[in-house]
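Novice: Sharing a structure here in structure tokens format.
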Amino acid sequence: MHVFGSDCGPAEYKKVDGQCCPMCGKGLVVRRNCTLVFSTSCIPCIRGTFMNEANGLTKCFPCSPCDPGQGMFTQTECKPTSNTVCDVLDGYYCRSYSSNSECNFAVEHTHCSPGQSTKSPGTKTTDTICEECQHGFYSQHGVNCTAWTDCAAMGRVKTEDGNSSQDVICNKVPPRSHTTLIAPLLLLLLLLLLVVAVLFCFYLARG
């Protein structure tokens with residue numbers, strides 16, 4: 001029996017004229033309202049739409065898209081009784097949530113710059129946290145800070161200082177040239193000749 005009144009039952013909806021009609025179930029919407037003779041006529045939601053609750057509506061809700069251009073992918077396809085379930089792509093994190101706390105827009109994680117390290121990797125809900133390398137350390141790719149190479153410990157000499165994004169440059173110790181060896185020998189020889197000359201002159205003076 002379809003009654004008229006101010007309040008309808010929990011499984012009923014009210015027509016414009018105040019008559020209470022049975023609701024359509026999930027996945028269905030009203031095709032034709034009830035009458036005093038016939039019950040509510042319902043039709044299923046068409047592809048691309050859904051209805052996730054008992055209702056007295058005439059149109060199903062449109063399925064939500066999961067746009068890869070907004071950092072989303074389809075985890076569960078839309079069905080007549082439930083909306084699409086989207087999730088965040090790998091390498092992205094959610095920046096905007098809908099009223100039912102579902103993510104509807106995500107952006108790519110920040111890539112730490114050279115001279116920085118990744119303090120905390122990004123997740124689906126948080127961005128990457130970067131920090132600067134301390135003095136004496138460097139990072140070429142923004143992942144980890146590595147200590148500058150100790151050239152002396154390798155038996156080499158430093159030819160270029162390092163910075164936050166580049167290591168120091170070490171080179172082999174240059175071999176001693178013949179010139180550096182000959183010069184002291186020549187000096188020693190001259191001193192020796194000078195001593196001999198002085199002694200010779202002294203000898204002649206005494207003779």
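Novice: Checking ARG176 against (1) among the charged types (D, E, K, R); (2) over 30 Å from CYS133 (Cα atoms); (3) at pLDDT 95 or above, which test does it fail?
Specialist: So the condition that ARG176 fails would be (3).
Novice: It is to be established whether one or more residues within segment 87-99 are modelled with pLDDT under 95, loosely packed, with under 14 Cβ neighbours inside 10 Å, in a loop (DSSP other than H, G, I, E, B) and not β-branched (Val, Ile, Thr).
Specialist: Looking through segment 87-99, at least one residue is modelled with pLDDT under 95, loosely packed, with under 14 Cβ neighbours inside 10 Å, in a loop (DSSP other than H, G, I, E, B) and not β-branched (Val, Ile, Thr).
Novice: I'm trying to understand the selection: among the residues of segment 139-167, which are within 21 Å of the chain's Cα centre (by Cα) and not hydroxyl-bearing (Ser, Thr, Tyr)?
Specialist: GLN140, HIS141, GLY142, VAL143, ASN144, CYS145
Novice: Across segment 89-112, what is the number of residues that are under 12 Å from the mean Cα position of the chain (by Cα) and in contact (Cβ under 8 Å) with a residue 24 or more places away in the chain?
Specialist: 9
Novice: Taking the conditions exactly as written (surrounded by 11 or more Cβ atoms within 10 Å (Cβ to Cβ), outside the structural domain of PHE73 (by TED's automatic domain parsing) and under 30 Å from GLN75 (Cβ atoms)), does VAL168 satisfy them or not?
Specialist: Details: surrounded by 11 or more Cβ atoms within 10 Å (Cβ to Cβ): yes; outside the structural domain of PHE73 (by TED's automatic domain parsing): yes; under 30 Å from GLN75 (Cβ atoms): no.
No; evaluated as a whole, the condition is false for this residue.
Novice: If you don't mind, another one. Among what's in segment 55-73 and is outside any loop (DSSP other than H, G, I, E, B) and more than 20 Å from the chain's Cα centre (by Cα), pick the residue that is farthest from THR125 (Cα to Cα). Outline the logic, then answer.
Specialist: Keep residues of segment 55-73 that are outside any loop (DSSP other than H, G, I, E, B), which gives 55, 61-62, 68-70, 72-73.
Right, trim to more than 20 Å from the chain's Cα centre (by Cα) and you get 55, 61-62.
Details: ASN55: 34, PHE61: 27, PRO62: 26 Å.
This residue is ASN55.
Novice: Do we have any residue at all in segment 132-145 that's part of a helix (DSSP H, G or I) and either over 30 Å from PHE73 (Cα atoms) or in contact with a helix residue (DSSP H, G or I) (Cβ under 6 Å, 6 or more places away or on another chain) (or both)?
Specialist: Let us first name the residues in segment 132-145 that are part of a helix (DSSP H, G or I), namely none.
Within segment 132-145, not a single residue is part of a helix (DSSP H, G or I) and either over 30 Å from PHE73 (Cα atoms) or in contact with a helix residue (DSSP H, G or I) (Cβ under 6 Å, 6 or more places away or on another chain) (or both).
Novice: Looking for something of a type in the set (Gly, Ala, Ser), at pLDDT 90 or above and under 30 Å from LEU89 (Cβ atoms) - is there at least one such residue anywhere in segment 138-151? Walk me through it before giving the result.
Specialist: Of segment 138-151, the ones of a type in the set (Gly, Ala, Ser) are 139, 142, 147.
Those left that are additionally at pLDDT 90 or above: 139, 142, 147.
Subsequent filtering for residues that are under 30 Å from LEU89 (Cβ atoms) retains 139, 142.
The answer is yes, given that some residue of segment 138-151 is of a type in the set (Gly, Ala, Ser), at pLDDT 90 or above and under 30 Å from LEU89 (Cβ atoms).
Novice: Between residues in segment 127-143 that are within 9 Å of GLY115 (Cβ to Cβ) and residues that are acidic (Asp, Glu) and part of a loop (DSSP other than H, G, I, E, B), which pairs lie under 7 Å by C-beta distance while being six or more apart or on different chains?
Specialist: TYR138/ASP167
Novice: Also, I was wondering about something else. Kindly indicate whether GLY71 is closer than 30 Å to VAL107 by Cβ, at pLDDT 95 or above, exposed (fewer than 13 other Cβ atoms within 10 Å of the Cβ) and of a type outside the set (S, T, N, Q). Explain how you work it out, then say what you get.
Specialist: Details: closer than 30 Å to VAL107 by Cβ: yes; at pLDDT 95 or above: yes; exposed (fewer than 13 other Cβ atoms within 10 Å of the Cβ): no; of a type outside the set (S, T, N, Q): yes.
So GLY71 fails the test.
Novice: When you check CYS34 against the structure, is it surrounded by 12 or more Cβ atoms within 10 Å (Cβ to Cβ), among the hydrophobic types (A, V, I, L, M, F, W, C), without any contact (Cβ under 8 Å) to a residue 24 or more places away in the chain and not assigned by TED's automatic domain parsing to the domain that holds TYR92, yes or no? Don't jump to the end; show me each part of the working.
Specialist: Details: surrounded by 12 or more Cβ atoms within 10 Å (Cβ to Cβ): yes; among the hydrophobic types (A, V, I, L, M, F, W, C): yes; without any contact (Cβ under 8 Å) to a residue 24 or more places away in the chain: no; not assigned by TED's automatic domain parsing to the domain that holds TYR92: yes.
For CYS34, the condition - surrounded by 12 or more Cβ atoms within 10 Å (Cβ to Cβ), among the hydrophobic types (A, V, I, L, M, F, W, C), without any contact (Cβ under 8 Å) to a residue 24 or more places away in the chain and not assigned by TED's automatic domain parsing to the domain that holds TYR92 - is not met.
Novice: Which condition from (1) in contact (Cβ under 8 Å) with a residue 40 or more places away in the chain; (2) at negative phi is the one that GLY27 breaks?
Specialist: So GLY27 meets the others, but not (2).
The values are calculated or read from the model by the stated rules, or taken from the named source; none is laboratory data. These figures come from a predicted structure and were not determined experimentally. Note: ideal-geometry Cβ built from the backbone for every residue, glycine included; neighbour counts use all protein chains shown.
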